[in-house]
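Rule-based calculations on the coordinates, nothing more; no lab input. Just so it is clear, the structure is predicted and the values come from calculations on it, not from any experiment. All Cβ positions, even for glycine, are placed from backbone atoms using ideal geometry, and neighbour counts span all protein chains on display.
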Amino acid sequence: MIDLTSSLYLGLRHDSRSVPGWAQLTTGVPAALAVAPAAGTVERRLAGLIGAETATMAPSTLHAFWDVFAAMGAREIYVDAGTYPIASWGAERARCSGSVVRTFGHHDPAALRHAVAAQRRGRRTANDGRLVVLADGFCPGCGRVAPVDRYLAIVAPAGGLVVVDDTQALGILGTPAWGHPYGRGGGGIARWLRLPSPSLLVVASLAKGFGVPVAAVAGSGAVVRRYVVRSETRVHCSPPSNAHLHAAIAAMRINAARGDALRMRLAGLVSQFRTMLGALGVPLTPGLFPVQTMGADTRLDLEMVHLRLAELGVKTVLNRPRCRQGVALSFIITAEHSEADITRVARAVQIAIAARSGAHRGTPMRVAMR
């Protein structure tokens, strides 16, 4: 079975032999009282990688987004319509505390500007708190980077803040460089767009690009300190375990030593996949991001294709992108896949598509895959 469902994009697995040991799994106290020494190491390295002044750790993006809007004093929150649910849950929690939450068109700065202007025209008081925009840094549904620079241009002059969920891009996108399709370094959207802005706050899980289920909150010193001081989960929840922190340190070392080589290998595999499916006339979302998707515009029964691919030994992800209509079928490619894997997947897609009119739902397919 070829598995195209894992988001471990660089293939980092962190088995027990490769992760440095630790004296105890957890400190037994919340982060508000004491921070494990390994946390400081991870925070410094991540801040440098992302291009932020400082960073702090959280057990997950859910913990971070639970706190971030209240910590920032957000009273107006504008949510890009394609934002991942966990980040949106944080905005909904802020709504329960009295914040105004508005959704605007996906990757549409003009819609954001209009929504901000309309809200501010109807505002009754002179100081309603901070204006915050929430968006994903990269949208795998449509294969596009968010126009974060244009969002910043709208809100920064008013003292606002753009909060970006950069879970997809961290570890993959980096500083643009000739010959490197994903850029270099893997620092995420701030590096890709060259945005060293004090009005940008990055929240990102390391679970995808770096293979560690732990999160970072990175930005200017003032903004991150405010988050740290006001965070409720740092008081009431356990901090990231030493196991996760040491795995993150291992991931940073691997990234520094051979991350760019892994990203180049990944880009080559994705390019091969796109070329082979292009030859079959199968349209995919644009770009070389490792999540490659067939949308409803293919006019295929994607649920049937998904089932037939499974019968042929290829696991894929059937999903509904937040930014597009209808069902989509995604193929997630990692640096662990081989060129032979990609060739087999392309052959399976060809068979699944060719057989769509000749088989009934649920009919087993017995096809030799060499």
Treat each spin label as a single point 7 Å out from the Cα along the C-beta direction, and report the Ala81 to Asp149 distance in nm.
2.5 nm
Where the centroid of each part is defined by its Cα atoms, how far is the range 1-28 from the range 167-215 in Å?
19 Å
If a/c stays under 1.5 just call it rounded; otherwise compare a/b with b/c (prolate if a/b is bigger, oblate if not). Do that for the range 6-95, with a ≥ b ≥ c from the square roots of the Cα gyration tensor eigenvalues.
prolate
Cut-off 19 Å, label 7 Å out along Cα→Cβ of Ser271, residues of the range 139-179 by amide N:
172-179
Using a 10 Å cut-off around each Cβ, can you sort Lys208, Lys315 from fewest to most neighbouring Cβ atoms?
Lys315, Lys208
Per the Kirkwood treatment, what hydrodynamic radius in Å, one decimal, follows for the chain from the mean inverse distance over all distinct Cα pairs?
21.7 Å
Computed over the range 80-203, the relative contact order (Cα-Cα under 8 Å, seq sep at least six) in percent reads 21 percent
Which of Thr275, Thr27 has the fewest other C-beta atoms within 10 Å, and how do the rest follow up to the most?
Thr275, Thr27
Using the Cα atoms as the points, what is the convex hull volume per residue of the range 50-184 in Å³?
121 Å³
In Å, what Kirkwood hydrodynamic radius results for the range 259-354 from the alpha-carbon pair distances?
13.6 Å
Show me the trypsin sites (Lys or Arg not before Pro) within the range 218-303 that DSSP assigns to loop and that have at most 12 other Cβ atoms within 10 Å of their Cβ.
Arg299
Under the 0.36 nm per residue contour assumption, what length would be gained going from the current alpha-carbon distance of Val229 and Thr26 to full extension?
71.0 nm
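Just need the relative contact order of the chain here, percent rounded to a whole number, with Cα pairs under 8 Å and 6+ apart.
Here the relative contact order equals 23 percent.
Hey, fewest Cβ within 10 Å first, where do Ile77, Ile2 land in order?
Result, fewest neighbours first: Ile2, Ile77.
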Determine the relative contact order of the range 37-256: mean sequence separation of Cα pairs under 8 Å and six or more apart, normalised by residue count, in whole percent.
26 percent
